[in-house]
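Here's the structure, in structure tokens; my notes come after.
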Amino acid sequence: MKKLLKFPFRIFVIATLLLFLAGCATYYMKQQKIYDAMGHGDWEAASKLLDAQKSSKPDNKDHLLYLFDKGWLEWAREQSKESNRFLQQADDYMDVSHVTAGQKALAVISNPMMKAYTPEDHERIFVNYYKALNYVDMNDLEGALVEARRINEKIYAQNDKLKEKKNKYSDDAFAHVMMGIIYEASRDYNNAFIAYKNALKVYDEIYTPLFGYSAPAQLKRDILRTAYKTGFYDDVRFYEKQFSMEYDRSAPTGNTGDLVFIWHNGLGPVKDEWSINFTNAGASNGFVTFANPELGMSFPIYLGGGGKSASYNDVHVVRVAFPKYIERMPIYNNAELFATDQHFPFEMGQNVQKIAVQALKDRMLREMGETIARLAAKQAMEYAARESKQEGLGATVSIINALTEKADTRNWQTLPHDIRYVRMTLPEGTQKVQMRLYAGQGRYVDKEFQFEIQKNRSTIFHFTTMESYGVKR
């Protein structure tokens, strides 16, 4: 361990302090001006601010986050082709590791924010979700289906790579819903029925126990309708009994079409940090174990033979900084549509907030041992420095360790808090639809839309409200 001290220490101190000064704010704080512009719908200003950042350069460690934001920004501007261009770049970028050996070394003596950003699992799939919506907007339903399928293909592939401590978020219900919606828009009712059934299974087996919400009633109506249209009358009766819901066989099928209205509500969480103390529980057979009895956590770290673990004898306590999500509560807590003397309430399809928290928790449990090892190595350097003859060196290393220990607070911050949807059958022709957004305490906002409904066709529309209460620490 003492060999590390041969590095020109003055340069190390200066470089580390500069890194600290550049990285003391969370990623959310650094990007605030950009997201404020987006929140006000000032797309031009947001785009200029994004392009002016260093992250716009492909070799920058935050380049993937730039691609996420640019892809989302062009989607919000209804520039579908441009959006897919950036999102495809993000998709390609994620296929290759961009963490260099130099970044790894720098992360050991500082913190994980010095490395190229590695996305959370749910962020990976939202690339394909927005690409699917872009293809829908371009009336390319086959392209949209390809992207919807890739959502769960990515989830399955990611989980297959994990030998242990696999993700509990192992399938995406709303991806199956989207496949069903797109198949149905293509009038492929058989595959739509299968996709809706798969969605129901994921809601029942994963979402309800893990996230606390069940399959929307709209999905149950979709299953009954597509089973009936496919001629699967036994399935209709089976699900009628299971859902305690009767399918209206006299539902209008003449000069009518469907409107599928997808609502992206609020803004997803942002990352902050929290810390846990682990104590040195002793060394044995080349392992040093760090534990937190209160949380029931214990992590043996293998250092190898040759007395290497002896350098960790004086490392009694390790403070580990981890990222955590802070929820940004949306201002609107519900909404419904009004048309042709009917009202249709929105239902929860995807709670992005809860999925993000679970995805991060799954990852932290896998990486905690590696993080503790990095912190223990930094502290071992500190004790080795204290034993050296260089005056004040130990104190200096201690200060640097404290200043540079930070969690990685980067994340894709333009994702929605949640996604809700509703399907309504409307007469053919021009139809006005009113959306009422509820903000609690009797407050609401009305918005009006106009759609050209086509006979026996589905019109898929998405709408975003970004209004949120902001970050509270």
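Structure summary
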quantity: Matching entry among THR226, THR208 (being surrounded by 22 or more Cβ atoms within 10 Å (Cβ to Cβ) and either more than 20 Å from PRO345 (Cα to Cα) or modelled with pLDDT of 95 or more (or both)); calculated: THR226
quantity: Scope region 302-320; condition among the aliphatic types (A, V, I, L, M) and either buried (at least 19 other Cβ atoms within 10 Å of the Cβ) or modelled with pLDDT under 60 (or both); matching residues; calculated: LEU303, ALA310, VAL315, VAL318, VAL320
quantity: Test: residue in region 172-182 that is on the phi > 0 side of the Ramachandran plot and modelled with pLDDT under 95; calculated: no
quantity: Count of region 238-282 residues which are in a helix (DSSP H, G or I) and either without any contact (Cβ under 8 Å) to a residue 12 or more places away in the chain or in contact with a Leu (Cβ under 6 Å, 6 or more places away or on another chain) (or both); calculated: 4
quantity: Residues of region 451-460 satisfying the condition of being open to solvent by 50 Å² or more (accessible area, probe 1.4 Å) and either assigned to a strand (DSSP E or B) or farther than 21 Å from MET178 by Cβ (or both); calculated: GLU452, LYS455
quantity: Residue selected from region 437-470 under the condition over 25 Å from TRP75 (Cβ atoms) and of a type in the set (Lys, Arg), by the criterion modelled with the highest pLDDT; calculated: ARG443
quantity: Members of region 59-89 that are without any contact (Cβ under 8 Å) to a residue 24 or more places away in the chain and surrounded by fewer than 21 Cβ atoms within 10 Å (Cβ to Cβ); calculated: ASP59, ASN60, GLN79, GLU82, ARG85, GLN89
quantity: Contacts under 8 angstrom Cβ, first residue in region 149-162 being in a helix (DSSP H, G or I), partner aromatic (Phe, Trp, Tyr), 6 or more apart; calculated: ILE151/TYR129; ILE155/TYR169
quantity: Qualifying residues in region 407-450 (those that are among the charged types (D, E, K, R) and in contact (Cβ under 8 Å) with a residue 40 or more places away in the chain) - the one most open to solvent (accessible area, probe 1.4 Å); calculated: LYS432
quantity: Matching option when the condition is over 30 Å from THR430 (Cα atoms), of a type outside the set (S, T, N, Q) and under 28 Å from the mean Cα position of the chain (by Cα), among ILE206, ILE262; calculated: ILE206
quantity: Enumeration of residues in region 420-441 that are over 23 Å from PRO330 (Cα atoms) and among the hydroxyl-bearing types (Ser, Thr, Tyr); calculated: THR425, THR430
quantity: Count of residues meeting criterion [surrounded by fewer than 16 Cβ atoms within 10 Å (Cβ to Cβ), farther than 30 Å from THR425 by Cβ and of a type in the set (Asp, Glu)] in region 331-369; calculated: 1
quantity: Condition met for PHE238 (of a type in the set (Phe, Trp, Tyr), at pLDDT 95 or above and more than 24 Å from ILE460 (Cβ to Cβ)); calculated: yes
quantity: Any pair with Cβ under 7 angstrom, 6 or more apart, that starts in region 183-206 at a residue that is farther than 16 Å from VAL136 by Cβ and β-branched (Val, Ile, Thr) and ends at one that is in a helix (DSSP H, G or I) and open to solvent by less than 30 Å² (accessible area, probe 1.4 Å); calculated: VAL202/ALA173; VAL202/HIS176
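The values are calculated or read from the model by the stated rules, or taken from the named source; none is laboratory data. Here the structure is a predicted model, which means the values were calculated and not measured. All Cβ positions, glycine included, derive from the backbone under ideal geometry; neighbour counts span all protein chains shown. The accessibility values were calculated without ligands, DNA or RNA, using every heavy atom of the protein model including side chains. Shrake-Rupley method; radii C 1.70, N 1.55, O 1.52, S 1.80 Å.
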